[in-house]
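Written below as structure tokens is the structure these notes are about.
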């Protein structure tokens, strides 16, 4: 059985006190969804420590939205993987479309970040996905394949066992557009085929999350698909009720 995961990417939202309240809300409602679903919250760096405190004693896990490509040193403004691990993070989002688009993150950078993540005992949530032009040109398969080959294929078999993939149809992030459940299944199944070409049967155990405008109203339909193992949630993760409601999609 692959892990079922609902991960909340809070992006650059919430002040520390708001983040703590949101985390407490998630913890309070966590019991409404079976333990078979893993919940992860990924706040901004500024309040990871406070949110970690709010999650104590619960089975809601903590993740960061990014980390530095270097271990330590004269890198003003950067946050090392060792630092976020020390705060209690278990997961790190890497390669999000916004990092690629706005901050020029390349495969070279992401390979270095992967090294740091694994060196510090963290689990990467590695994002792949195509933009609207690439989707309309029919290049979505090729884009996802390239993003996997240039980073994930550099992992060892042991590292691959501790990896989560998130598929983001970039054209469906914050636009209100959503890939159909059938489109999600098609690309998730393809991603699993690409992973299997390198890692064989282990690809069957790798969770692949859907990351495009998932909400309580469509979660059940999307999560019912064979190769969709959960969601990387943006806007809907900022309300505890909606976030937990998405997790209930596994129970429908």
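Miscellaneous remarks
- Only one of the numbered conditions (1) assigned to a helix (DSSP H, G or I); (2) free of Cβ contacts under 8 Å to residues at least 40 places away in the same chain; (3) surrounded by 14 or more Cβ atoms within 10 Å (Cβ to Cβ); (4) touching a helix residue (DSSP H, G or I) at 6+ places or on another chain (Cβ under 9 Å) is violated by residue 195, and that is (2).
- Only listed residue being in contact with a strand residue (DSSP E or B) (Cβ under 7 Å, 6 or more places away or on another chain) and either surrounded by 20 or more Cβ atoms within 10 Å (Cβ to Cβ) or modelled with pLDDT of 95 or more (or both), chosen from 26, 33: 26
- If the condition is being in a loop (DSSP other than H, G, I, E, B) and under 17 Å from residue 237 (Cβ atoms), then segment 60-76 contributes 65, 66.
- If you go through segment 208-230 and pick out every residue that is in contact with a helix residue (DSSP H, G or I) (Cβ under 6 Å, 6 or more places away or on another chain), closer than 26 Å to residue 161 by Cβ and not in a loop (DSSP other than H, G, I, E, B), you end up with 4.
- Matching entry among 159, 116 (being at pLDDT 95 or above, assigned to a helix (DSSP H, G or I), within 25 Å of residue 44 (Cα to Cα) and touching a helix residue (DSSP H, G or I) at 6+ places or on another chain (Cβ under 7 Å)): 116
- Screening the candidates 149, 158 for the property of being free of Cβ contacts under 8 Å to residues at least 12 places away in the same chain and surrounded by fewer than 19 Cβ atoms within 10 Å (Cβ to Cβ) yields one hit, 158.
- Any hit, segment 45-52, residues being exposed (fewer than 15 other Cβ atoms within 10 Å of the Cβ), touching a helix residue (DSSP H, G or I) at 6+ places or on another chain (Cβ under 8 Å) and either without any contact (Cβ under 8 Å) to a residue 12 or more places away in the chain or not in a helix (DSSP H, G or I) (or both): no
- Segment 129-150, residues that are modelled with pLDDT of 95 or more and over 15 Å from residue 183 (Cβ atoms): 142, 145, 146, 147, 148, 149, 150
- Top-ranked residue in segment 126-147 [being in a helix (DSSP H, G or I) and over 18 Å from residue 95 (Cα atoms); ranked as nearest to the chain's Cα centre (by Cα)]: 135
The values are calculated or read from the model by the stated rules, or taken from the named source; none is laboratory data. Since the structure is predicted, the reported quantities are computational estimates derived from the model, not experimental observations. Note that we place each Cβ from the backbone using ideal geometry, even for glycine, and neighbour counts take in every protein chain shown.
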